[in-house]
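Novice: One structure is given below, represented as structure tokens, and several questions about it will come after.
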Ligand code: SF4
């Protein structure tokens, strides 16, 4: 398949790996920002093929994982209202809120529907004028333009029974928060290509300069990741900290001007809590005042019913790269994809789910590093 197979070429992968092995002279810790990158790394065993001196730390870039518990609880409260049709992407339905999830609301009689686009939810609203249709608009910069466009479309079509529960998050403030933590070990970032295909790369040079870290924008195929690691390691070994675009087939430096324009119109920057991490200033988007009539929180006036995370769940530490998923005592025992305690075990982009699906870890030194274990799947 074009644009996939050529980025999974084993001979090229071997050459990139040889380059990394030949370049590294001391330990380096790189963080891949996005959960899609994490899944590719774990699925293909890329971290196990790198020199022991190169550690990949898994970052917080999974939108399902970082959606705050209080927002999940608000979604549960809105979805349970008799007049509401609650529409969401499928992976949000099993994310545990305080005491239950959207599947449970559905089995209790709530009208919860899986959709594949926010426009599907708008279409339901047009066909169901006697109901309030709410779309759960979560995600990073990648999904925000489609949600902004849908709100635009709702106004243009005069659809008044549609609203959105918005919980968008932004990558650059998260990088700033990670680098500002006293526990931070990250020395370089592999930035998420799909985010940059919308936003461009203009937000990153200031971060690279301020924190002295290389930032390499990568795609998601094995060669994309390996090329990103190779470039980051070369910069680190030379003492450089620049922004490099290793994903030019999808990322124009200036991003997508049409998407940026609609984002600037519909959303405004806000402080946003990240699940398991806490509030990061300026790290979210919410609907701007001119679009507030489509804001589900405003329309339904819900408040979270006293949110509470399971004590055993260490997903906040996983999302900040402080521990690997298998270092959580609940991993694979009380917490599995069928019985998730935290969102990082639910989402298809969650680090805990990636380790569970693609890697079986025993005990001893291999489990401590995750390096020598045998990948499966
Ligand atoms: S393994 Fe489960 S309980 Fe542990 S951090 Fe991951 S999601 Fe939370």
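Any read-out appearing in this document is the output of simple, stated calculations on the displayed coordinates, not a laboratory observation. These figures come from a predicted structure and were not determined experimentally. All Cβ positions, even for glycine, are placed from backbone atoms using ideal geometry, and neighbour counts span all protein chains on display.
Novice: Which of rounded, prolate, oblate describes the stretch 178-280, given a ≥ b ≥ c as roots of the alpha-carbon gyration tensor eigenvalues and a/c under 1.5 marking rounded, otherwise prolate only if a/b is larger than b/c? Don't skip to the answer; put the middle values down first.
Specialist: On the way: a/c = 1.88, a/b = 1.17, b/c = 1.61.
In terms of gyration-tensor shape, oblate.
Novice: Please find the FRET efficiency linking residue 14 to residue 311, where r is the Cβ-Cβ separation and R0 is fixed at 41 Å, and quote it to the nearest 0.05. Spell out each step's value before the answer.
Specialist: Working: r = 45 Å, r/R0 = 1.10.
Step by step, r from the Cβ atoms, then E = 0.35.
Novice: Is the stretch 235-300 rounded, prolate or oblate when judged by the Cα gyration tensor, a ≥ b ≥ c being the square roots of its eigenvalues, rounded requiring a/c under 1.5 and prolate requiring a/b larger than b/c?
Specialist: Oblate.
Novice: Report, to the nearest 10°, how far helix 257-266 tilts away from the longest principal axis of the Cα atoms in the chain, using its own Cα long axis and a range of 0 to 90°.
Specialist: Rounded to the nearest ten degrees, it is 50.
Novice: To continue, here is another question. Does the chain classify as rounded, prolate or oblate by the C-alpha gyration tensor (a ≥ b ≥ c root eigenvalues; a/c under 1.5 gives rounded; else a/b over b/c gives prolate, otherwise oblate)? Each step should come with its number before you reach the end.
Specialist: Values: a/c = 2.00, a/b = 1.49, b/c = 1.34.
Verdict is prolate for the chain.
Novice: Calculate, in nm to one decimal, what residue 100 and residue 327 gain on full extension: separation in residues at 0.36 nm each, minus their alpha carbon distance.
Specialist: On the way: separation 227, 0.36 × 227 = 81.72 nm, distance 2.57 nm.
Stretched out fully, the residue 100 to residue 327 stretch lengthens by 79.2 nm.
Novice: Quickly work out the residue 206-to-residue 242 label distance, labels modelled 7 Å from Cα along the C-beta direction, and quote it in nm with one decimal.
Specialist: Inter-label distance under the simple model: 2.2 nm.
Novice: So what's the angle, to the nearest 10 degrees on a 0 to 90 scale, between helix 69-79 and the longest Cα principal axis of the chain?
Specialist: 30 degrees
Novice: Let me ask something additional. Mind telling me which of 164, 179, 31 comes out most flexible in a GNM of the chain, alpha-carbon contacts under 10 Å?
Specialist: Highest fluctuation of the listed residues: 179.
Novice: Give me the distance between the Cα centres of the stretch 1-78 and the stretch 252-318, rounded to whole Å.
Specialist: When both Cα centres are located, 24 Å separates them.
Novice: Compute the length gained on full extension between residue 23 and residue 279: take 0.36 nm times their separation in residues and subtract their Cα-Cα distance, giving the result in nm to one decimal.
Specialist: 88.3 nm
Novice: Please work out the FRET efficiency for the pair residue 108 and residue 298, using the Cβ-Cβ distance as r and a Förster radius of 22 Å; give the result to the nearest 0.05. Can you show the working numbers first?
Specialist: Values: r = 25 Å, r/R0 = 1.16.
Once the sixth-power term is evaluated, E becomes 0.30.
Novice: Determine the gain in length on full extension of the stretch residue 117-residue 338; use 0.36 nm per residue of separation and subtract their C-alpha separation, reporting nm with one decimal.
Specialist: Separation in residues times 0.36 nm, less the Cα-Cα distance, equals 77.0 nm.
Novice: With a 10 Å cut-off between alpha carbons and a GNM built on the chain, which of 32, 349, 317 moves the most?
Specialist: The residue that fluctuates most here is 317.
Novice: What do you get for the angle between helix 118-127 and the principal long axis of the chain? Use alpha-carbon atoms, 0 to 90 degrees, nearest ten.
Specialist: Here the helix axis deviates by roughly 10 degrees.
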